[in-house]
Amino acid sequence: MKRLYFAFVLLFVSTISIAQSTVDRKQVLEEMMLANQYFMDKWPDTGKTIITNKERPSNIWTRAVYYEGLMALHEIYPKEEFYQYALDWANSHEWGFRSGNTTRNADNYCAAQTYIDLYNLQPNPEKLKNTRSCMQKFLYTPQNDDWDWIDAIQMGMPVFAKMGVLDNDERYFEKMYQMYMATRNEIGDNGLYNEEDGLWWRDADFDPPYKEPNGEDAYWSRGNGWVIGALAKTLAIIPEDAPHRKQYIDDLKEMAAALKKVQRKDGFWNVSLHDKKHFGGKELSGTALFVYGMAYGVNNGFLDRDEYLPVILKGWNAMVKEGLHDNGFLGYLQSTGKEPKDGQPLSYDKMPDFEDYGLGCFLLAGSEVYRLEF
């Protein structure tokens, strides 16, 4: 009798283990579609300005990140409605940027990521007239310190990668590397990347001697998410023989190892990665970007599948079970800011100041989870 009992327990545990180590691709797609449809229904006019504490054009970085996610969804499920929604957005802004083509602010030219994707689907020189004008200037100016906050790595780095591929011009790859390494090793006192911890300070305001209340360095979840997300996206764009590729792979692997150590038991990551008592708590956008970066690493052989698959699935399942509403709204999304305290407190029902970028992160994560092989 005891043997039968233990056999049943082992079978039950085994069944749970198998379920937790696999993913239903159809269900992942349905969850992505649900969240995306909620947003498209809410924003039928792609050119409508965004009003929060003030009025902003809808080609700012928050909306640009959403369209990154939409194009990732379109790649795995190419639906005309998605393409048209993105095309309408680009057309409504005449394929241009906030602050014009002279801008050096990565938040402003982040929209070029989607402009280039749309161009590749249906080339027309007029579509990239502004993008080329904006990006070419970086090749002829000496400064490399534009990305002086780590969010900018995600907003800007993939644009350089896409331009390098589009124009078959390695100068974009080299400039991208110089700007990335300036952020990594020079901005602030000694760069914004702490090799000892494998994580990034958001900007020079948060590098040592700044500390969290528990004495730890201040590592903001979404800020680190922007970096690992940028590394994954850049690696997906540049050729296998592109210069400096190993640097990006090594940094992604170091970050993944550091992030794995601080994942919450429920699958989320805290807003403050090294001080769970100082605005800790589950947060969706950082979690989504970590899932995206790690899933890309597993899918492309950079990260050990057996080690990271449970981390990835635990994170994805946490987001869809505890963050995704029946109508597609995403909870536990931190509002815009630059540190753990901004936009607090978070909750399942709280509406952030911008919904768009969190959804973009969620769609990026889903696009890589969808690709996982079992």
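So what is the 222 nm mean residue ellipticity for the chain from helices alone, if each DSSP H run of at least 4 adds -39500 (n - 2.57) and you divide by all residues, rounding to the nearest 500 deg cm²/dmol?
Rounded to the nearest 500, it is -17500 deg cm²/dmol.
Order the following by accessible area, largest value first: 260, 321. Probe radius 1.4 Å; ligands, DNA and RNA are ignored.
Of 260, 321, the descending order of accessible area is 321, 260.
Given axes a ≥ b ≥ c from the Cα gyration tensor, I'd like to know whether region 49-94 is rounded (a/c under 1.5), prolate (a/b larger than b/c) or oblate. Intermediate results must be reported in sequence, preceding the final value.
Values: a/c = 3.12, a/b = 1.92, b/c = 1.62.
Since a/c reaches 1.5 and a/b is larger than b/c, the shape of region 49-94 is classed as prolate.
Which distance in nm do the two modelled labels at residue 189 and residue 338 give, with both placed 7 Å along the Cα-to-Cβ direction?
Placing both labels 7 Å along Cα→Cβ, they lie 1.8 nm apart.
For the chain, find the longest principal axis of its Cα atoms and tell me its angle to the long axis of helix 151-166, 0 to 90°, nearest 10.
70 degrees
Using only the Cα atoms, work out Rg/Rh for region 138-279, with Rh taken as the Kirkwood radius, to two decimals.
Answer for region 138-279: 0.99.
Suppose all protein chains stay in the model; what accessible area per residue would a 1.4 Å probe give for region 287-327, in Å²?
Roughly 35 Å² per residue, with all protein chains present.
Note down the Stokes-Einstein diffusion coefficient of region 253-299 in µm²/s, whole number, using a Kirkwood radius over alpha carbon pairs, 25 °C, and 0.890 mPa s.
Stokes-Einstein gives a translational diffusion coefficient of 226 µm²/s.
When the accessible area of region 289-368 is split by element with a 1.4 Å probe, what percent falls to carbon and sulfur?
So the carbon and sulfur contribution to the accessible surface is 45 percent.
As an exercise, take the mean of 1/r over every pair of distinct alpha carbons in region 219-317, invert it, and state the Kirkwood radius in angstroms.
Here the Kirkwood hydrodynamic radius works out to 13.4 Å.
Using modelled amide H (1.01 Å from N, peptide plane; none on Pro or chain starts), what sits under 5 Å from the amide H of residue 199, excluding residues fewer than 5 places away?
Placed amide hydrogens put 194 under 5 Å from residue 199.
So how do 217, 189 rank on accessible area, 1.4 Å probe, biggest first, that is with the largest at the start?
189, 217
Taking amide H atoms as placed 1.01 Å from N in the peptide plane, list the residues 5 or more away in sequence, or in a different chain, whose amide H sits under 5 Å from that of residue 50.
Long-range HN contacts for residue 50: 56, 58.
Helix 284-299 versus the longest principal axis of the chain: what is the Cα-based angle in degrees, 0 to 90, to the nearest 10?
Once rounded, the angle reads 90 degrees.
Can you check what the Kirkwood hydrodynamic radius comes to for region 99-160, Cα pairs only, in Å to one decimal?
Kirkwood hydrodynamic radius for region 99-160: 12.1 Å.
Check residue 270: other-chain or 5+ apart residues with amide H under 5 Å from its amide H, H built from backbone geometry?
264
Stick to the Cα atoms of region 284-344, pair each with every other, and give me the Kirkwood hydrodynamic radius in Å at one decimal.
Here the Kirkwood hydrodynamic radius works out to 12.8 Å.
Between residue 205 and residue 266, what length in nm is gained on full extension when 0.36 nm per residue of separation is reduced by their alpha carbon distance?
18.9 nm
Could you tell me the calculated FRET efficiency between residue 250 and residue 79, based on Cβ-Cβ distance and R0 = 51 angstrom, to the nearest 0.05?
Efficiency computed from Cβ-Cβ geometry: 0.90.
What relative contact order, as a whole-number percentage, does region 52-194 give when Cα pairs under 8 Å and 6 or more residues apart are counted?
Averaging sequence separation for qualifying contacts and normalising by length gives 21 percent for region 52-194.
Restricting the calculation to Cα positions, tell me the Rg (one decimal) and the Dmax (whole number) of the chain in Å.
Taking only Cα atoms of the chain, I get Rg and Dmax of 20.4, 79 Å.
Which ³J(HN,Hα) values, rounded to whole Hz and listed in residue order, are derived for region 248-255 from phi using the Karplus coefficients 6.51, -1.76 and 1.60 in 6.51 cos²θ - 1.76 cosθ + 1.60 with θ = phi - 60°, glycine and proline given as x?
So the Karplus estimates, Gly and Pro as x, are 5, 5, 4, 5, 4, 5, 5, 5 Hz.
Under 17 Å between alpha carbons, and skipping anything fewer than 8 positions from residue 350 in its own chain: which lysines qualify?
Leaving aside lysines fewer than 8 places away in the same chain, those within reach of residue 350 are 42, 282, 321, 341.
Could you work out what % of the accessible surface of region 168-237 is carbon and sulfur, using a 1.4 angstrom probe and leaving DNA, RNA and ligands out of the count?
Its accessible area is 40 percent carbon and sulfur atoms.
On the principal axes of its Cα set, how long, how wide and how thick is region 322-374? Give whole Å, largest value first.
Taking max minus min along each principal axis of the Cα atoms, region 322-374 gives 39, 26, 17 Å.
Cβ under 13 Å from residue 56's Cβ, residue 56 left aside: what net charge do those residues give with Lys, Arg +1 and Asp, Glu -1?
Result for the local shell: 0.
The values are calculated or read from the model by the stated rules, or taken from the named source; none is laboratory data. Computed from a predicted model, the values in this text were never measured in an experiment. Counting neighbours? That spans all protein chains shown, and the Cβs are built from the backbone with ideal geometry, glycine included. Just the protein is used for accessible areas: all its heavy atoms, side chains included, with ligands, DNA and RNA removed. Shrake-Rupley method; radii C 1.70, N 1.55, O 1.52, S 1.80 Å.
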